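**Student:** Before we start, here is the structure in question, set down as structure tokens.
The values are calculated or read from the model by the stated rules, or taken from the named source; none is laboratory data. What you see is a predicted model; the values in this text were computed from it and never measured. Positions of Cβ are generated from backbone atoms using ideal geometry, with glycine treated the same way; all protein chains shown enter the neighbour counts. Surface accessibility is based on the protein's heavy atoms, side chains included, excluding ligands, DNA and RNA. Shrake-Rupley method; radii C 1.70, N 1.55, O 1.52, S 1.80 Å.
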Amino acid sequence: MLYGRASEQERLAALVKGASAGRSGVLVLRGEPGIGKTALLDDVAERARAAGLRVLRGAGIEAEATLPYAGLHLLLHPALDRIGALAPPQASALAAAFGLSEAPAGGDRFLVGLGVLSLLSEVAEDGGAVCLVDDAQWLDQASADALSFAARRLDAEGVALVVAARDAADAFPPAGVAELRLEGLDSDAANALLDAHPVKERLTTQVRARVLAEAYGNPLALAELPAALAAAPPGEAIRPGALPLTERLRVAFDGQVRRLPPRTQLALLVAAAEEAGHLDVVLRAAGELGAGLEDLADAESAGLVVADAGTVRFRHQLVRAAVYEGAPLGLRLKAHRALAAAFGEPADRDRRAWHLALASTGPDEQVAAELEATATRAAERGGDAAAATAYERAARSSTTAHDRARRMLLAAEAAAQSGDFARALALADRVPNTPADQDAEHGQDGGRSTEHARLALVRANTHFWAGAFPAAHRVLLDGAAAVAPHDQPLAAWLVMQAMYVAWFTGDRDLSRSTADRLRDVRLPAGHPHRAILPLMILLARLASGAEDPAGERDDGPRPAIVAEALGRFGTGDPGTTVMIGGSAWILAQDDLAYDVFASSVDQVRAQGRIGWLAGALGSLGEAELFLGRHRDAAARLDEAMRIGADTGQAHAVSHFGGVRAYLAAVRGDEAHLRELVDAVRAATAGDSSPGPSWTRWALATYDLATGRTEASLTRLETLARGPARHQIPATRSAPDLVEAAVRLAAPERAAEPLARLTEWASWVRQPWVDALVRRCRALVASDDEAEANFAAALELHESSAKQWEAARTRLLYGEWLRRAHRPADARAQLAAALTAFEHLAADPWAARARAELRAAGAPTVPTGPSGPQAGQDPDLLATLTPQELQIVRLAAEGSSNRDIAARLFLSPRTVGYHLYKAYPKLGVTSRTQLAAIVRADR
């Protein structure tokens, strides 16, 4: 019976009821040790079984926190017979994670998370499922990442996930998941629990009062302290308030342990050292030390452990801690050596290695080698965080400075690969400088410089993703200088990376000095980076303010450099793809940028490299924005931000949150715009990163559309003159700046941005950019010249599919025609603009077009928000949410629910649920009808 937990039980019962009805739910229980988290999980399990739901249960084990996917395997092993029903990439990822097969190339721990989501969906097919995870603060990082990824995506599968964790801030912290913090029992519940205690008759009034005061409503303390206080001799009594509650409980448990026979204590120590609880292993190791099954049975009789189904577990983790920490160091070392010997099977190599490490008292090359092998296997299975831990311990066990440096560097690289850049930097700082004679002994005359370059990349990545761009730049150039005498191509690559970082700083002097270094780069014929070098030279010229950044150089005409690089590299490497696609935007080759990022998204999805998917998806969304495909862009950007948050990529959340804010501004959704601006600010470390530049443009766009022209002009001028003046938002917002200046009757403030826009147009040589120049010239020209410029702009717009820019030109032209007293001509332009704005759901711009139409004498003008005009078919797709739109488009292409789920990182049941909601909105009953609507939208 649970005391004082009625409200918590009611909330958990609702989760079980929801799972029975096909709804998913997630709840994290938090609280101090002994507060009752496990008891509530027991209660949930009992309710779920009574309701006929499948129950999966697991726990984090402190000793297995370094073994990738150990916690996840414990939870899911009863359901592994369903793996065959998953999509092949997910099935392969799960099988590799659990050591059931070789790891697939390019394995990604978040693909494992998708496999977990699909597997839970499969388990729930039979009427719902409840998953319970205890002690989540001790889950290995790979399990925690995968489980968090799945938890955020549970929706309509019929799965209830309840996770119990301690209060620590880093204890299983999936953002966006409901939490319930357990407090101590109130006075009535605490007294009721004591009244049910077996030793209640032995509790004097004084002892009872002391227990209530010491326990602070903690149920475990209320259960354990009475026995300890009643049984302890006066000299062993726990002094009131002398220790924190957890320590007082540990002392109480220690007292129970020390009253047991020595061999029983020894058997308990072995069990405590082998936290996974394998009974056969514990008995083999205990036998080596002179203890056996009967000694463990004595501990079970004392109520300290429970042995069943081949496992042995402690009544509470504080009992285990009391046993282990109370034992002398010599005995603990013997226990670990015995356990290492007991783990003799090949499948147990990793556990053996860790017990050997825990049994060692100094450097030992055998231990170091086994730990390094463990780290390598962890990395192959996608457990980069566990690999970093094993490499680090291997470095500490190394017997030479050379091996210590080599393994610590591997640890730093593994931590960086896991996305834990702060840890990576700390490990990189611990890589020792090896003496020159040791380098020569190992044939490493140039190897030390290569290691320096690898360290530079680790440190630079850490600084870059933290927004510390100057620090990242400095580290890369130092690394290039160190490696140049031994490896010129590697040095060249570091300089190119430094140029990429310099682009983000907005520091023209820094960019110029890096450009000087870039001019000295020489790569051998056929080297793959030769195709990237011209792109970095382009960045150098633009970031340093050089004229004609697309000008000629010895190796060919610059407008073709993106196509050349794409032809050489393709889109197989996500990092290089960002450089290629970004350069396409700089050169205004938006169609090519779309092709680059669309291909990259397909490849990243196919390879299961979810860690790279946020960047690829966000870039594709940005490309769709520039092509006027606003609805699709919103869906891509939302998904990119979601995955960026899941994978800890603050830079992606900042950048693509800014792009998404611009879309919110175009739609006139001020509340969402402000929310996104705040999110970008929270995720951004420096003002020169793209996120703040995009939000500044977004706010200026909203101000311009809603008549706050002075505020818009101020924001745009700040953007144009700030540290990010060379980046895409500043370049592409120049037409808005010109328009705002003209509306304020300040044409002199339009001169400089128009000159910049004209210069950009002269070297990118793209018709759509020429159209923007013509539009801006029309705004500042005399009436005699304005119309010719407007007409030329519209003609140039015809050669591109940029509906948004063409509509903006038609709106301005229509306004000019109305002021020129040509209402019929004005109405034609304004009506076309209104149609485009409504299709794009650009409500404030549609409102401007309607107001101008009324002023131009239009007989009937539909009123907003955006909707179809008389005689038009309704824009049905506009009624869908971004996620529904993505699912509908894929379903219309013929993809099955399972295929859609794999692409969008959802479960098949969630896909079906969204289609169920979308069909009535669209007025269809089949996928064939869906295809017709989607084709019409294209």
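**Student:** Which residues' amide hydrogens lie under 5 Å from the amide hydrogen of V305, considering only partners 5 or more residues apart or on another chain, with H built in the peptide plane?
**Tutor:** E300, R315
**Student:** Is the stretch 28-97 rounded, prolate or oblate when judged by the Cα gyration tensor, a ≥ b ≥ c being the square roots of its eigenvalues, rounded requiring a/c under 1.5 and prolate requiring a/b larger than b/c?
**Tutor:** It comes out oblate by the Cα gyration axes.
**Student:** Compute the Cα gyration tensor for the stretch 374-421, then decide on rounded, prolate or oblate, letting a ≥ b ≥ c be the square roots of its eigenvalues: rounded whenever a/c is under 1.5, prolate when a/b is larger than b/c in the other cases, and oblate in all that remain. Don't jump to the answer; show the numbers that get you there.
**Tutor:** Numbers: a/c = 2.66, a/b = 1.70, b/c = 1.57.
Prolate, since a/c reaches 1.5 and a/b exceeds b/c.
**Student:** For the stretch 139-149, in order, what is each residue's ³J(HN,Hα) by Karplus, 6.51 cos²θ - 1.76 cosθ + 1.60 with θ = phi - 60°, in whole Hz (x at glycine and Pro)?
**Tutor:** Each residue of the stretch 139-149 in turn: 5, 5, 4, 4, 5, 4, 4, 5, 5, 5, 4 Hz.
**Student:** Where a ≥ b ≥ c are the square roots of the eigenvalues of the C-alpha gyration tensor, would you call the chain rounded, which needs a/c under 1.5, or, failing that, prolate if a/b is larger than b/c, or oblate?
**Tutor:** Values: a/c = 2.46, a/b = 1.64, b/c = 1.50.
Here the chain falls in the prolate category.
**Student:** Would you kindly calculate the translational diffusion coefficient of the stretch 618-768, applying Stokes-Einstein with the Kirkwood radius from alpha carbon pairs, for 20 °C and a viscosity of 1.002 mPa s, and quote it in µm² s⁻¹ without decimals? Mind dumping the intermediate values first?
**Tutor:** Working: Rh = 15.6 Å.
Value of D from the Cα-based Kirkwood radius: 138 µm²/s.
**Student:** While we're on this one: Hey, which lysines would be in cross-link range of K37, C-alpha to C-alpha under 26 Å, not counting anything within fewer than 8 residues on its own chain?
**Tutor:** Hits, sequence-local ones excluded: K17, K200.
**Student:** Send over a whole-number figure in Å² for the accessible area per residue of the stretch 455-541, probe 1.4 Å. Kindly include the intermediate steps, with their values, before the conclusion.
**Tutor:** Numbers: 3380 Å² over 87 residues.
Accessible area per residue, the stretch 455-541: 39 Å².
**Student:** If packing is taken as the average count of other Cβ atoms within 10 Å, what order do 927-935, 122-130, 849-857 fall into, highest mean first?
**Tutor:** Details: 927-935: 15.1, 122-130: 20.8, 849-857: 18.9.
Taking the mean over residues of other Cβ atoms within 10 Å, the ranking is 122-130, 849-857, 927-935.
**Student:** Sort 906-916, 635-645, 353-363, 776-786 by packing, meaning the average of other beta carbons within 10 Å per residue, with the highest value first. Walk me through the numbers before you get to the answer.
**Tutor:** On the way: 906-916: 22.1, 635-645: 24.4, 353-363: 18.9, 776-786: 15.9.
The peptides rank, most packed first, as 635-645, 906-916, 353-363, 776-786.
**Student:** Heavy atoms of the protein only, probe of 1.4 Å, neighbouring chains included. What is the accessible area of R208 in Å², nearest 10?
**Tutor:** Near enough 60 Å² of accessible area.
**Student:** Here is a further query. Quick one: net charge around T706, please, counting Lys, Arg +1 and Asp, Glu -1 for every other residue with C-beta under 11 Å from its C-beta. Write out the running numbers ahead of the final one.
**Tutor:** Values: positive: R708, R848; negative: E670, D703, D843.
Charge balance near T706 sits at -1.
**Student:** Continuing with this model, one more query. Spin-label point model (7 Å from Cα, Cβ direction): what's the R721 to A855 distance in nm?
**Tutor:** 3.0 nm
**Student:** How many percent of the accessible area of the chain is carbon or sulfur, using a 1.4 Å probe?
**Tutor:** Working: 19280 of 37130 Å².
Ligands and nucleic acids excluded, carbon and sulfur give 52 percent.
**Student:** Each residue of the stretch 578-587 in turn: what ³J(HN,Hα) in whole Hz from Karplus with 6.51, -1.76, 1.60 and θ = phi - 60°, glycine and Pro shown as x?
**Tutor:** Karplus values, whole Hz, x for Gly and Pro: 4, 5, 5, x, x, 5, 4, 5, 4, 8.
**Student:** Working out 0.36 nm times the residue gap between A302 and R822, then minus their Cα-Cα distance, what length gain in nm do you get to one decimal?
**Tutor:** Values: separation 520, 0.36 × 520 = 187.20 nm, distance 9.81 nm.
My answer for the length gained is 177.4 nm.
**Student:** Then there is this: Please compute the contact order of the chain in relative form: average sequence separation of alpha-carbon pairs under 8 Å and at least six residues apart, divided by the residue count, as a percent.
**Tutor:** On the way: 1596 pairs, mean separation 72.9, N = 938.
Reported as a whole number, the value is 8 percent.
**Student:** In whole Å, what is the distance between the alpha-carbon centres of the stretch 344-422 and the stretch 45-94?
**Tutor:** That distance is 26 Å.
**Student:** Below 12 angstrom from the Cβ of R512, what's the summed charge of the other residues (Lys, Arg +1; Asp, Glu -1)?
**Tutor:** Here the charged neighbours net out to +1.
**Student:** Determine the equivalent ellipsoid of the stretch 245-393 by diagonalising the alpha-carbon gyration tensor, then write out the semi-axes as square roots of 5 times the eigenvalues, largest first, rounded to whole Å.
**Tutor:** Working: eigenvalues 160, 53, 43 Å².
Ellipsoid half-lengths, sorted descending, are 28, 16, 15 Å.
**Student:** To continue, here is another question. Can you list the residues, at least 5 places off or on another chain, whose amide H is less than 5 Å from the amide H of V130, using H built in the peptide plane?
**Tutor:** Sorted by chain and number, the residues that satisfy this are R54, V55, L56, A160.
**Student:** Compute the accessible area per residue over the stretch 1-149, keeping the other protein chains in place, probe 1.4 Å, unit Å².
**Tutor:** Details: 5300 Å² over 149 residues.
Heavy-atom accessible area per residue stands at 36 Å².
**Student:** Could I ask something else about it? Just subtract the alpha-carbon distance of Q366 and E380 from 0.36 nm times their residue separation and send over the number in nm, one decimal. Can you show the working numbers first?
**Tutor:** Numbers: separation 14, 0.36 × 14 = 5.04 nm, distance 2.14 nm.
So the chain would gain 2.9 nm between Q366 and E380.
**Student:** Same structure again: Given 10 °C and 1.306 mPa s, how large is the Stokes-Einstein diffusion coefficient of the stretch 335-433 in µm²/s, with Rh as the Kirkwood radius over Cα pairs? Spell out each step's value before the answer.
**Tutor:** Values: Rh = 13.3 Å.
Answer from the Stokes-Einstein relation: 120 µm²/s.
**Student:** At 222 nm, what helix-only mean residue ellipticity would the chain give, in deg cm²/dmol to the nearest 500, using -39500 (n - 2.57) for each DSSP H run of four or more?
**Tutor:** One gets -20500 deg cm²/dmol as the mean residue ellipticity at 222 nm.
**Student:** While we're here: Could you state how much accessible area K917 has, in square angstrom rounded to the nearest 10, with a 1.4 Å probe and all protein chains kept in place?
**Tutor:** So the heavy atoms of K917 present about 70 Å² to solvent.
**Student:** For the stretch 689-744, with every protein chain kept in place, what is the accessible area per residue (1.4 Å probe, Å²)? Please list the in-between numbers first.
**Tutor:** Working: 1500 Å² over 56 residues.
Per residue, the stretch 689-744 has an accessible area of 27 Å².
**Student:** Return the sequence-ordered ³J(HN,Hα) values of the stretch 365-372 in whole Hz as given by the Karplus equation 6.51 cos²θ - 1.76 cosθ + 1.60 applied to θ = phi - 60°, using x for Gly and Pro.
**Tutor:** Values per residue, Gly and Pro as x: 5, 4, 4, 4, 5, 5, 5, 5 Hz.
**Student:** Please work out the Cα convex hull volume for the stretch 615-663 and give it in Å³ per residue.
**Tutor:** Working: hull volume 2.4 nm³, N = 49.
Each residue corresponds to 49 Å³ of Cα convex hull volume.
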